[in-house]
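Let me begin by presenting the structure, written as structure tokens, before commenting on it.
The values are calculated or read from the model by the stated rules, or taken from the named source; none is laboratory data. Keep in mind it's a predicted model, so treat the numbers as computed, not measured. Every residue, glycine among them, receives a Cβ derived from its backbone with ideal geometry; neighbour counts consider all protein chains shown. Heavy atoms of the whole protein, side chains included, go into the accessibility calculation; ligands, DNA and RNA do not. Shrake-Rupley method; radii C 1.70, N 1.55, O 1.52, S 1.80 Å.
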Amino acid sequence: MAFLTCLIGAVLGYVAPGWLLCRRWRTGATLPVAMIVSTVLLVQAAFYLQLLGAPLTRWTVGGVLILLCGVAALIGSRMGAATTDATPEPTVAPAPQRWTLAQGAVLTALIVQLGWLCVRIFVMPLLGGDTLFRWEFLGKLVFQHHNFSFYPPITDADYAIYFFTDSIPPLVQLSYFWTYASCGDYWPHATAVFVGLQVLCLGWLAYGATKLHTGSRMAGLTAAALLGSSQLLIASIATGQETCVTALSMLGVYYVLIWGEHGAAPNTPEAPSDTAATATRRHQAILLAGFAAAAGALAREYGWVMLIIAIVVALMHGYTRRQVLALIAVTVALAAPWYLRTWAITGNPVYSIDVASLFPINPVHDQLVKAQHAQNPDVLEQAKACVTLAMQNAGLLALLGAAAVLLAVRVRRFRSLLVAMALIAVIWMLSVPYTYYINYSLRVLSPVMGAAAILIVCVACRHRERSGRAWNGLAATVITAALTFGLLNVAIYPQSPTIVAPSDWPQYASLPTLSWGPNVRNPPGVDELRETLRTQHVDTRMKLLTTNAYTHALLTDDGYDVVPLWAPQVRFLYEGDHADATIDAHIQRLTALGIRLVIYAPDTVDNTTPLHDITRHSQLLYENKKLQLFLLPTPTPTPRAK
């Protein structure tokens, strides 16, 4: 029953409003466009309900979504009227494309890939590095508390609920909230519906954009197959963070603006009198592009680059300045309110990112982040690591993509796509210092990987007439290789077939037991520490102090109050020197706050924090390879003055 209500909720929250808006617009990619529009509207529904003080439940949010469905249907009908009524019959009827055996085989392989990936992410959901305490965790908290008034965290009460200092826009997180609200229970496996739908829509957009350029169904299928060949892209999507939304955002912007320029069938002759329909289609494209750009900005702070990409693509493809201004207005109206709310709460619209010291930040958290970055390898080592990982996990897409970029530079119609890829590459380079693991930063390039698949096939189609029969053999080889890599990628996900030895593939291909607990997604040492606290019956009234966000996400379910080192109530730890008297005074103040335990991670940035001094004065209760648990000493009572 829970899964059935989850599917109904998915239709209402992720598909219905957008589908009712554009169902008559003949976009050629109705489902991906509908998902982009619907998820943005889902954020709007939750956001304004929060501002009004209404609880966020399946009934309140669902009621607003039903209302938005009616509004979207009305707007879609009115904006689609010109296209429906004014479009004359084409002067030359296009010949219908029949499905060939080869096309059917490729489509079948792609369906198998998608289906098996959905099975694996259902059994092993949300394996991203910080999904546990950020992306999925916020969705869980909103479901439990029926609001997100504690986010972004600024007070001690906020940090007691949400541990980490950030204000990431919550499109992904609120989508998980809606998944749980639709189920009526906290069931993380159901997030596979949302993630799987994103994968389907991303492949559909790659197929559609390639088909718009080439007019070939097989070319579109090849682009989708190339996406699946990249284990790096699959991992970036299946982790359930923002990187699939950003890829959908960029490909969505590009697709709808190209569609607005040419229509869904660019090879079909258009009547000279069809100017009204063309103008209407462009207005529709501008509206949809605004939603797509807003999806990026509502998924991550750097997602505002999608608006820049939308402006560039629109100007390079003949849209007027007035239309570009309308695109900007739609994007800002949909995405800016979140940043204004964050600004009003914290004083920083992108809290707690230091923007040239213009806005306040959490100084302790910022210091820890910078200390972590200081431990990263130098630039050359980072570059080597990234290139190695890209070649191991996306070799086919990377090599063909590099060749396609070189060949496409002089082709005018591909320049907007090249500019978009370059902008995302710049964003990635800027994001590397803010990423805990260097290799993990490559997921930011997911939009580039999606665009590369389109570019590879479009450039190849331009040269196929010159290649003669050699083209057919080369194309068959590339498609076969892409499908083979794709099937292997999903078969042993989250492992990579180019890293894991072939003899170990069967081991990783087997499905683990359906579970949501130890060793499914937590880093080493966290589950062992949790189990120790349980077996030793450590009093839950004893607060814990730590920098480890994973322990907070797990131990709060057991009733513990886990305090982050950057919480306002313990900022005094950064006052004074490292003298024993100062440390003893700090321990007394911690004890007065009810903090008796410290979770410490040796050989990490914890060594640069006051925790290092405090643990030298404390009793070690437990340790494993990653974490240590200390008990603060009982403070000596201060003698009363006579």
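Quick check on my filter: what residues within the stretch 238-268 are closer than 16 Å to Cys22 by Cβ, at pLDDT 85 or above and surrounded by fewer than 24 Cβ atoms within 10 Å (Cβ to Cβ)?
If the condition is that a residue be closer than 16 Å to Cys22 by Cβ, at pLDDT 85 or above and surrounded by fewer than 24 Cβ atoms within 10 Å (Cβ to Cβ), then Ile258 is the only one that fits.
When you look at Gln103, is it open to solvent by 10 Å² or more (accessible area, probe 1.4 Å), of a type in the set (S, T, N, Q) and either over 27 Å from Leu171 (Cβ atoms) or in contact with a Ser or Thr (Cβ under 8 Å, 6 or more places away or on another chain) (or both), yes or no? Lay out the reasoning, then the answer.
Working: open to solvent by 10 Å² or more (accessible area, probe 1.4 Å): yes; of a type in the set (S, T, N, Q): yes; either over 27 Å from Leu171 (Cβ atoms) or in contact with a Ser or Thr (Cβ under 8 Å, 6 or more places away or on another chain) (or both): yes.
Judged against the criteria, Gln103 is a match.
Does Val37 fit the bill of being open to solvent by less than 10 Å² (accessible area, probe 1.4 Å) and under 21 Å from Gly263 (Cα atoms)? Don't jump to the end; show me each part of the working.
Details: open to solvent by less than 10 Å² (accessible area, probe 1.4 Å): yes; under 21 Å from Gly263 (Cα atoms): yes.
Yes.
Would you be able to say whether some residue in the stretch 575-592 is in contact with a Gly (Cβ under 7 Å, 6 or more places away or on another chain) and not aliphatic (A, V, I, L, M)? It would help to see each step written out before you state the result.
Initially, the stretch 575-592 is screened for residues in contact with a Gly (Cβ under 7 Å, 6 or more places away or on another chain), giving 582.
Then drop every residue that is not not aliphatic (A, V, I, L, M), which leaves 582.
Yes, the stretch 575-592 contains at least one residue that is in contact with a Gly (Cβ under 7 Å, 6 or more places away or on another chain) and not aliphatic (A, V, I, L, M).
Please go through the stretch 418-451 and pick out each residue that is over 17 Å from the mean Cα position of the chain (by Cα), open to solvent by 10 Å² or more (accessible area, probe 1.4 Å) and under 26 Å from Val478 (Cβ atoms).
Leu418, Val419, Met421, Ala422
So which residues in the stretch 485-504 are free of Cβ contacts under 8 Å to residues at least 40 places away in the same chain and surrounded by 15 or more Cβ atoms within 10 Å (Cβ to Cβ)? I'd like the intermediate steps shown before the answer.
If we filter the stretch 485-504 for residues that are free of Cβ contacts under 8 Å to residues at least 40 places away in the same chain, which is where we start, we get 488, 492, 495, 500-504.
Answer for the stretch 485-504, where residues must be free of Cβ contacts under 8 Å to residues at least 40 places away in the same chain and surrounded by 15 or more Cβ atoms within 10 Å (Cβ to Cβ): Leu488, Ile492, Gln495.
In this structure, is Thr477 modelled with pLDDT under 85 and either open to solvent by 40 Å² or more (accessible area, probe 1.4 Å) or not basic (Lys, Arg) (or both)?
Working: modelled with pLDDT under 85: no; either open to solvent by 40 Å² or more (accessible area, probe 1.4 Å) or not basic (Lys, Arg) (or both): yes.
No.
Quick check on my filter: what residues within the stretch 133-165 are farther than 27 Å from Met542 by Cβ, touching a Phe, Trp or Tyr at 6+ places or on another chain (Cβ under 9 Å) and open to solvent by 10 Å² or more (accessible area, probe 1.4 Å)?
Hit for the stretch 133-165 is Phe143, nothing else.
Looking at the stretch 1-30, which of the residues that are of a type in the set (S, T, N, Q) and surrounded by fewer than 22 Cβ atoms within 10 Å (Cβ to Cβ) is modelled with the highest pLDDT?
Applying the first criterion (of a type in the set (S, T, N, Q)) to the stretch 1-30 yields 5, 27, 30.
Still in the list and also surrounded by fewer than 22 Cβ atoms within 10 Å (Cβ to Cβ): 5, 30.
Working: Thr5: 90, Thr30: 94.
Only one residue fits best here, namely Thr30.
Considering only the stretch 284-319, state which residues are more than 24 Å from Gly28 (Cβ to Cβ), in a helix (DSSP H, G or I) and of a type outside the set (Asp, Glu).
Ala297, Tyr302, Gly303, Trp304, Val305, Ile308
Checking the structure you have, find out if any residue of the stretch 325-335 is open to solvent by less than 20 Å² (accessible area, probe 1.4 Å) and over 18 Å from Leu257 (Cα atoms). Before you say what the answer is, go through the steps one by one.
To start, the set of residues in the stretch 325-335 that are open to solvent by less than 20 Å² (accessible area, probe 1.4 Å) comprises 327, 331, 335.
From the residues that got through so far, the ones that are over 18 Å from Leu257 (Cα atoms) too are 335.
The answer is yes, given that some residue of the stretch 325-335 is open to solvent by less than 20 Å² (accessible area, probe 1.4 Å) and over 18 Å from Leu257 (Cα atoms).
Could you grab me the full set of residues in the stretch 395-417 that are open to solvent by 30 Å² or more (accessible area, probe 1.4 Å) and either in contact with a Ser or Thr (Cβ under 7 Å, 6 or more places away or on another chain) or outside any helix (DSSP H, G or I) (or both)? Walk me through it before giving the result.
Initial filter on the stretch 395-417 (open to solvent by 30 Å² or more (accessible area, probe 1.4 Å)): 396, 398-400, 402-403, 405-407, 409-410, 412-413, 415.
Residues satisfying the conditions are Leu396, Val409, Arg410.
Tell me yes or no: at least one residue of the stretch 545-568 is over 21 Å from Phe133 (Cα atoms), in contact (Cβ under 8 Å) with a residue 12 or more places away in the chain and out of contact with any Asp or Glu (no Cβ under 8 Å at 6 or more places or on another chain). Let's see the steps before the verdict.
Here is the first cut: in the stretch 545-568, the residues over 21 Å from Phe133 (Cα atoms) are none.
Looking for residues that are over 21 Å from Phe133 (Cα atoms), in contact (Cβ under 8 Å) with a residue 12 or more places away in the chain and out of contact with any Asp or Glu (no Cβ under 8 Å at 6 or more places or on another chain), one finds none in the stretch 545-568, hence no.
Would you check if there is a residue in the stretch 60-70 being at pLDDT 95 or above, at positive phi and either touching a His at 6+ places or on another chain (Cβ under 6 Å) or open to solvent by 40 Å² or more (accessible area, probe 1.4 Å) (or both)?
To start, the set of residues in the stretch 60-70 that are at pLDDT 95 or above comprises 60-70.
Retained after the next criterion (residues that are at positive phi): none.
Scanning the stretch 60-70, I find no residue that is at pLDDT 95 or above, at positive phi and either touching a His at 6+ places or on another chain (Cβ under 6 Å) or open to solvent by 40 Å² or more (accessible area, probe 1.4 Å) (or both), so the answer is no.
Residues checked against (1) free of Cβ contacts under 8 Å to residues at least 60 places away in the same chain; (2) over 30 Å from Tyr159 (Cα atoms); (3) touching a strand residue (DSSP E or B) at 6+ places or on another chain (Cβ under 9 Å):
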{"site": "Val350", "(1), (2), (3)": "no, no, no"}
{"site": "Leu358", "(1), (2), (3)": "yes, no, no"}
{"site": "Leu396", "(1), (2), (3)": "no, yes, no"}
{"site": "Ala402", "(1), (2), (3)": "yes, yes, no"}
{"site": "Val405", "(1), (2), (3)": "yes, yes, no"}
{"site": "Ala420", "(1), (2), (3)": "no, yes, no"}
{"site": "Ile424", "(1), (2), (3)": "no, yes, no"}
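When you scan the stretch 200-218, do you find a residue that is closer than 30 Å to Arg98 by Cβ, charged (D, E, K, R) and touching a helix residue (DSSP H, G or I) at 6+ places or on another chain (Cβ under 7 Å), even just one?
Scanning the stretch 200-218, I find at least one residue that is closer than 30 Å to Arg98 by Cβ, charged (D, E, K, R) and touching a helix residue (DSSP H, G or I) at 6+ places or on another chain (Cβ under 7 Å), so the answer is yes.
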